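Inspection log for the structure reproduced underneath, given as structure tokens.
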Amino acid sequence: QVQLVESGGGLVQAGGSVRLSCVASGFTFTSFRLGSFRMGWFRQAPGKAREFVTAIWKDGSSYYASYADSVKGRFAISRDNANNTVYLQMNGLKPEDTAVYYCAADLVPDGRYDLWGQGTQVTVSS
């Protein structure tokens, strides 16, 4: 059994920075290799649908990332495979970034995210 647990959310002033963490953990001795899977971050603002933020994946021996236009140049996704952790570094935060942020993994892989964390709230004050 594998779970994703997000942390690092909270209240931050506009223009500030915060780093979210997503840790994959298991309850058996079976190993989970986070580096093998596409990992993504999504967010859901009050009264709005969940939207894609960023993702990171491996193609051959290289890692690649994509970003929603709204966060390009401000957010950065990274991963620490040895510790089964993916990060979301958020800089230059804006009030419109206020949302619950979710970490997700495509485990099959089939292009669908089938493992989700519980979310962590990020509130940006103006």
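The values are calculated or read from the model by the stated rules, or taken from the named source; none is laboratory data. From a predicted model like this one, the values you see are computed outputs, not experimental measurements. Positions of Cβ are backbone-derived with ideal geometry, glycine not excepted, and every protein chain shown enters the neighbour counts. The protein model used for the area step is the full one, side chains on, heavy atoms only, and it has no ligands, DNA or RNA in it. Shrake-Rupley method; radii C 1.70, N 1.55, O 1.52, S 1.80 Å.
Here are the numbers for the structure shown:
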quantity	calculated
Positive-end extreme of charge dipole, the chain - chosen from Gly16, Gly111, Pro46 (charges on Cβ)	Gly16
Charge dipole magnitude, Cβ of K and R +1, D and E -1 - the chain, Cα centre, debye nearest 20	120 debye
Simple spin-label estimate for Ala45 and Asn81 in nanometres, 7 Å along Cα-Cβ	3.5 nm
Cα shape, region 80-126, gyration tensor, a/c 1.5 rule	prolate
Relative contact order (percent, whole number), region 1-105, Cα cutoff 8 Å, 6+ residue spacing	35 percent
Linear extension gain, Ser126 paired with Tyr64, 0.36 nm per residue minus alpha-carbon span	19.0 nm
Length added when fully stretched, Gln13-Ser36, from 0.36 nm per residue minus Cα-Cα	4.8 nm
Residues of region 37-126: accessible area per residue with a 1.4 Å probe, Å²	51 Å²
Gyration tensor verdict on region 44-106 (Cα atoms; rounded if a/c is under 1.5, prolate if a/b is larger than b/c, oblate otherwise)	prolate
